[in-house]
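Notes for the one structure printed next.
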Amino acid sequence: MSLLRSAPDMTGGAALAPADVIRSGLCIGCGACVAQCAGETVEMRLDVYGQMKPAGSRAWLNRPTMPLAASCPFSPDAENEDVIADSHFPDACGRDPLIGRYEAAYVGHAEEDAFRARGSSGGLVTWVAVELLRKGLVDGVAHVAPSPGRKAEEPLFAYTISRSVEALRQGAKSRYYPVELSGVLRTIRSVPGRYAVIGIPCFIKAVRLATAQDPVLAERITFTLGLFCGHMKSARMAESFAWQMGAGMEEVTTLDYRVKSPDRPANWYRAQMSLSDGTTRVEDWWHMVDGDWGAGFFQNHACNFCDDVVAETADISFGDAWVEPYSSDGRGTNVVIVRSRKLHEIVSDGIASGRIVLEPVDAGFVAATQAAGVRHRREGLSFRLTWRRAGLMPRKRVQASSAGLSVRRKMIYRMRYGIARWSHRIFLAARLLRRPGLYLAWAKVALSTYHGLAYARGPVGRLVERLGLTGAEDGH
Ligand SMILES: Cc1cc2nc3c(=O)[nH]c(=O)nc-3n(C[C@H](O)[C@H](O)[C@H](O)COP(=O)(O)OP(=O)(O)OC[C@H]3O[C@@H](n4cnc5c(N)ncnc54)[C@H](O)[C@@H]3O)c2cc1C
């Protein structure tokens, strides 16, 4: 299939239609394209695979425009993360190939109140967002919270704008769930005020690209808070978790992807669901057939073509400190990259007053906490770019190359790609046939094959050893 890369315009770029992005598997579902459309009946909806996609008339979907080419975060003609970060943080003293521009980097947690206990990691995202509200620096914060008054088939989580400390604190915790920005961007455009937006890297990039085109958004979005990101999951992961906990999605009222327990390592994720009959179900991710994050179950296809793990365009970004001793500390610990001077002041005040506890670290430390994600997005992306593909060719900061990759490493990247791709389809079939066992049996085999390759375990691991494909590499 050759996709119409629309006719080049006078400036040498090419106009882009939403359908070009969708058909090329590059739509992350951020909703930036929908937010651009005033007066058109377009919206973001969950598709049959439980991923957010723009929905509108065929004419709108196929209409190429220059604004979309410049504002879709996966558009080959949009500015890349380096260019955006350089324009927003020209004075930031640090620059690193893996974490981008930075003013300072830290490891630590929120000490004040119960921010840490109520957050997924060290609670610092909510602490900083609350601080912006308390200091009167913003009037509202766009973040992701449980959908209010949700009916059974509606999304579990959605972007909302919190204007009070309590509402913001209620929305703490990570949601590995498809969400979209169109509603909050429209609200920000129509309701005057100053706003902060919290989001994963491609969403913050979408916000940066939108503000570059829209002076109203540029004036009103005064802070961006980024979350490090491994990849975006579909809504079906929540549904699969429900199946494995013996429930149907229609019974689920709340989902906490990461219930904390101070006596267990932070990286032993445990999910908790409340059901409509008042009962609660709890299960470790590791006991679920698709609970190994690195295997790629339900990953959005566009994430295969992302090279930003740490939200390089955000004023400040936060992740989990996935290195010892922090990963064993069940209370949760953040790594933080500060890029804006104003946020550095806020963070420094917090440290000085003892309300947050942070130790300075270098770029290498931050990158080490995300070693698996970084490898997948740089070395793995470089390899994926060598594959034949149809549609738009993503333009990334790494070059296509498979040089120096072992056979086993290539097989791991191929396997993850396959798991991500097929998990959507097989889950859909199981759902339509009302046969959860179909998906669960496939996922079990897929996971054990992946573990055989990645960790040299089980029969696949023995085969890998016999073929001499093992090395001192770590699977992820
Ligand atoms: C899809 C996804 C993938 C991630 N992958 C990684 C990773 O690979 N490595 C890593 O170190 N960290 C990753 N994170 C970030 C990590 O899960 C924590 O969110 C982060 O460490 C902040 O923890 P905290 O305790 O400071 O945040 P909290 O105090 O719990 O606050 C979290 C804030 O983020 C908002 N929020 C939650 N989910 C979303 C969302 N999907 N989009 C926008 N806002 C949201 C909440 O509303 C809340 O305001 C990921 C997060 C997401 C959503």
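The values are calculated or read from the model by the stated rules, or taken from the named source; none is laboratory data. On a predicted model such as this, the values are computed, not experimentally measured, just so you know. Using ideal geometry, Cβ is built from the backbone for each residue, glycine included, and neighbour counts are taken over all protein chains shown. In case anyone asks, the SASA skips ligands and DNA or RNA and just uses the protein heavy atoms, side chains included. Shrake-Rupley method; radii C 1.70, N 1.55, O 1.52, S 1.80 Å.
How about the stretch 348-393: which of its residues are more than 22 Å from L26 (Cα to Cα) and basic (K, R)?
Passing the criteria: only R355.
Which count do you get for residues in the stretch 398-418 that are part of a helix (DSSP H, G or I), under 16 Å from C306 (Cβ atoms) and open to solvent by less than 40 Å² (accessible area, probe 1.4 Å)?
2
Checking V34 against (1) open to solvent by less than 40 Å² (accessible area, probe 1.4 Å); (2) in a loop (DSSP other than H, G, I, E, B), which test does it fail?
(2)
How do the pairs read when you match residues in the stretch 134-163 that are of a type in the set (D, E) with residues anywhere that are away from the ligand (no atom under 11 Å from the Cβ) and open to solvent by less than 70 Å² (accessible area, probe 1.4 Å), using Cβ under 7 Å and keeping only pairs 6 or more apart or on different chains?
Sorted first by the residue in the stretch 134-163, then by its partner, the pairs are D139/G193; D139/Y195; E154/S147.
Can you list residue pairs whose Cβ atoms sit under 8 Å apart, with the first residue in the stretch 221-239 being more than 25 Å from T187 (Cβ to Cβ) and the second being near the ligand (Cβ under 6 Å from one of its atoms) and outside any loop (DSSP other than H, G, I, E, B)? Count only pairs 6 or more apart in sequence or on different chains.
F228/F318; F228/G319; F228/D320; F228/G373; G230/G373
Take the stretch 148-168 and flag every residue that is under 19 Å from D256 (Cβ atoms) and either within 12 Å of the ligand (Cβ to nearest atom) or modelled with pLDDT of 95 or more (or both).
Residues satisfying the conditions are P155, L156, F157, A158, Y159, T160, S162, E166, A167, L168.
Out of the residues in the stretch 320-360 meeting the condition of being open to solvent by 10 Å² or more (accessible area, probe 1.4 Å), among the hydrophobic types (A, V, I, L, M, F, W, C) and out of contact with any strand residue (DSSP E or B) (no Cβ under 8 Å at 6 or more places or on another chain), tell me which one is farthest from the ligand (Cβ to nearest atom).
Among those residues, the one meeting the criterion is A352.
Restricting to the stretch 401-415, give me the number of residues that are more than 26 Å from the chain's Cα centre (by Cα) and among the polar types (S, T, N, Q).
Qualifying residue count, the stretch 401-415: 1.
Restricting attention to the stretch 201-241, which residues are touching a His at 6+ places or on another chain (Cβ under 9 Å), closer than 28 Å to A367 by Cβ and open to solvent by 20 Å² or more (accessible area, probe 1.4 Å)?
Matches in the stretch 201-241: R208, G230.
In this structure, is G119 within 13 Å of the ligand (Cβ to nearest atom) and under 20 Å from the mean Cα position of the chain (by Cα)?
yes
Which condition number does A302 fail, the rest of (1) open to solvent by less than 10 Å² (accessible area, probe 1.4 Å); (2) out of contact with any Leu (no Cβ under 7 Å at 6 or more places or on another chain); (3) in a helix (DSSP H, G or I) being met?
Going through the list (1) open to solvent by less than 10 Å² (accessible area, probe 1.4 Å); (2) out of contact with any Leu (no Cβ under 7 Å at 6 or more places or on another chain); (3) in a helix (DSSP H, G or I), A302 breaks only (2).
Answer yes or no: is there a residue in the stretch 306-319 that is open to solvent by 50 Å² or more (accessible area, probe 1.4 Å) and within 12 Å of the ligand (Cβ to nearest atom).
Among the residues of the stretch 306-319, not one is open to solvent by 50 Å² or more (accessible area, probe 1.4 Å) and within 12 Å of the ligand (Cβ to nearest atom), which makes the answer no.
A quick yes/no check of all residues on (1) open to solvent by 40 Å² or more (accessible area, probe 1.4 Å); (2) at pLDDT 95 or above; (3) among the charged types (D, E, K, R); (4) closer than 27 Å to S182 by Cβ:
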site: A69; (1), (2), (3), (4): no, yes, no, yes
site: F74; (1), (2), (3), (4): no, yes, no, yes
site: S87; (1), (2), (3), (4): yes, yes, no, yes
site: D96; (1), (2), (3), (4): no, yes, yes, no
site: Y106; (1), (2), (3), (4): no, yes, no, no
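Can you tell me which residues in the stretch 180-194 are crowded, with 24+ Cβ neighbours inside 10 Å and within 14 Å of the ligand (Cβ to nearest atom)?
Listed by number, the residues that qualify are E180, L181, V184, L185.
Within the stretch 124-145, is there a residue that is in a loop (DSSP other than H, G, I, E, B) and either modelled with pLDDT under 95 or within 8 Å of the ligand (Cβ to nearest atom) (or both)?
Within the stretch 124-145, none of the residues are in a loop (DSSP other than H, G, I, E, B) and either modelled with pLDDT under 95 or within 8 Å of the ligand (Cβ to nearest atom) (or both).
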